[in-house]
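Here the structure is laid out as structure tokens; the discussion comes afterwards.
The values are calculated or read from the model by the stated rules, or taken from the named source; none is laboratory data. Predicted, not measured: the structure shown is a model, and the values here were computed from it. No Cβ is skipped: glycine too gets one built from the backbone with ideal geometry, and neighbour counts run over all protein chains shown.
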Amino acid sequence: MNFNRVVIKVGSALVSPDKKGCSGKYIQAIASFITKCHQKNKEVILVSSGSVSAGRHLIQHGSPIPSIPTKQAMAAVGQMKMMANWQRFFDVPCSQLLITHGDLKDRERYINIKNTLRILLANGIIPIVNENDTVATEELKVGDNDNLAALVALISEADCFLILSDIDGVYTKDPRTNDDAVMIREISEITDEIYAMAGTTNNPIATGGMKTKIQAAEKAVENGIETYILNGSNSQVFDKILAGENPGTHFLASKEVSKAKKHWLKHTLKSHGQLYLDSGAVNAVKNKGASLLPSGILSINGEFLAGESLELIDAKTKVIIAKGICQYNYQDLVKIKGQNSEKIQSILGFCPSKVIVHRDDMVVL
């Protein structure tokens with residue numbers, strides 16, 4: 001198993017196995033695995049369930065299935081417990097990102113999440129993501145952390161996605177009730193038959209089951225992310241991962257994703273303006289695989305929002321050299337074009353990104 005940036009989703013059954021607060025029973029081994037990944041210069045983003053379970057015993061509810069307001073109160077107190085529990089197993093700092101589906105649908109907030117993750121990873125900090133259960137209304141919720149983690153993998157452009165639960169992988173039948181159930185080691189295509197094998201969760205606090213894990217895997221593999229469902233309660237699983245073995249169910253990633261993204265940027269995404277670049281910026285973008293900095297922009301054409309696609313043009317030859325997604329809107333970019341990135345903060349009063357078009361969001365023509 002070879003990866004450079006991995007998103008690890010940890011289920012509530014691992015964070016709070018007895019549903020009476022946080023525990024280190026399973027996550028100590030997971031944290032050790034993450035530390036070993038860091039030692040191998042691999043980047044890790046953690047998506048952790050468990051805030052409701054962690055706060056369950058602190059909020060009076062009197063029902064095996066708490067109401068939504070009660071769950072939100074449990075999450076509010078449990079989130080603090082869960083973050084403290086993770087941090088105690090790491091020598092490097094952790095960070096907390098609480099997001100909703102509304103954040104992912106909004107163009108500027110989506111970019112802000114993407115930039116925040118980039119900066120945290122660049123500074124060796126472990127991002128810990130969870131859904132913002134205390135404020136999210138039903139229409140703004142992703143609904144489960146399996147699918148949330150898949151979306152985080154897409155935003156962060158991870159190349160590997162590990163879904164950790166208390167089950168070994170995908171089985172032909174529910175292994176808890178069928179002795180003849182067989183685990184499927186490799187899935188090359190997610191079909192209706194695969195979904196039919198998925199059971200539901202028996203945990204009244206959890207929001208997902210095997211079905212949501214397969215949904216999450218489908219989102220990831222369609223975007224070229226190798227995905228695994230693994231048993232996070234078995235510490236030997238992590239040794240096998242580091243040894244390059246597959247200890248669970250491997251969903252094979254689509255091999256056409258790179259071509260598909262470039263095709264999307266080149267042909268599908270409508271351009272909302274043009275940036276005319278000096279010779280240094282043209283050379284950096286075309287020949288060095290660099291991001292576009294404000295210092296290389298000579299002039300701007302069009303009125304656009306942050307997150308919209310622009311054409312990058314060689315000011316000397318008037319040839320379009322690339323297309324990409326801009327981090328700034330037209331009004332702000334006019335103020336910082338031609339300036340050093342270090343001056344963005346003093347000019348605008350804020351600096352969401354030191355680059356104008358990141359190389360990950362660009363296709364050279």
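Restricting attention to the range 26-39, which residues are over 19 Å from the mean Cα position of the chain (by Cα) and in contact (Cβ under 8 Å) with a residue 60 or more places away in the chain?
Selection gives Tyr26, Ile27, Gln28, Ala29, Ser32, Lys36.
Is it the case that some residue within the range 45-58 is at pLDDT below 90 and surrounded by fewer than 18 Cβ atoms within 10 Å (Cβ to Cβ)?
Going through the range 45-58, the residues at pLDDT below 90 turn out to be 49-58.
From the residues that got through so far, the ones that are surrounded by fewer than 18 Cβ atoms within 10 Å (Cβ to Cβ) too are 57-58.
The answer is yes; a qualifying residue exists.
Looking at (1) surrounded by fewer than 21 Cβ atoms within 10 Å (Cβ to Cβ); (2) modelled with pLDDT of 85 or more; (3) of a type outside the set (S, T, N, Q); (4) not in a helix (DSSP H, G or I), can you tell me which one Leu121 breaks?
All conditions pass for Leu121, except number (4).
Which residues, taken from the range 167-193, are crowded, with 16+ Cβ neighbours inside 10 Å and either among the aromatic types (Phe, Trp, Tyr) or at pLDDT below 90 (or both)?
Ile167, Tyr171, Pro175
Which pairs do you get when a residue that is outside the structural domain of Ser291 (by TED's automatic domain parsing), found in the range 329-345, comes within reach of a residue that is surrounded by fewer than 17 Cβ atoms within 10 Å (Cβ to Cβ), reach meaning Cβ atoms under 6 angstrom, with the pair 6+ apart or on two chains?
Here the result reads none, with nothing in the range 329-345 linked to a residue that is surrounded by fewer than 17 Cβ atoms within 10 Å (Cβ to Cβ).
What pairs come out if I take residues in the range 291-307 that are surrounded by fewer than 20 Cβ atoms within 10 Å (Cβ to Cβ) and pair them with residues that are aromatic (Phe, Trp, Tyr) and part of a loop (DSSP other than H, G, I, E, B) whose C-beta lies under 7 Å away, six or more apart or interchain?
Ala306/Tyr328
With the condition being out of contact with any helix residue (DSSP H, G or I) (no Cβ under 8 Å at 6 or more places or on another chain) and closer than 22 Å to Ala153 by Cα, I'd like the helices (runs of 4 or more DSSP H) fully within the range 13-111 carrying at least 1 qualifying residues.
27-39, 68-87, 101-105
Look at Cys326 and say whether it is without any contact (Cβ under 8 Å) to a residue 24 or more places away in the chain and either within 20 Å of Asp106 (Cβ to Cβ) or assigned by TED's automatic domain parsing to the domain that holds Ile155 (or both).
no
How about the range 42-67: which of its residues are of a type in the set (A, V, I, L, M) and without any contact (Cβ under 8 Å) to a residue 60 or more places away in the chain?
Within the range 42-67, Ala54, Leu58, Ile59 meet the criteria.
Keeping to the range 82-107, report how many residues are among the basic types (Lys, Arg) and under 25 Å from Leu151 (Cβ atoms).
2
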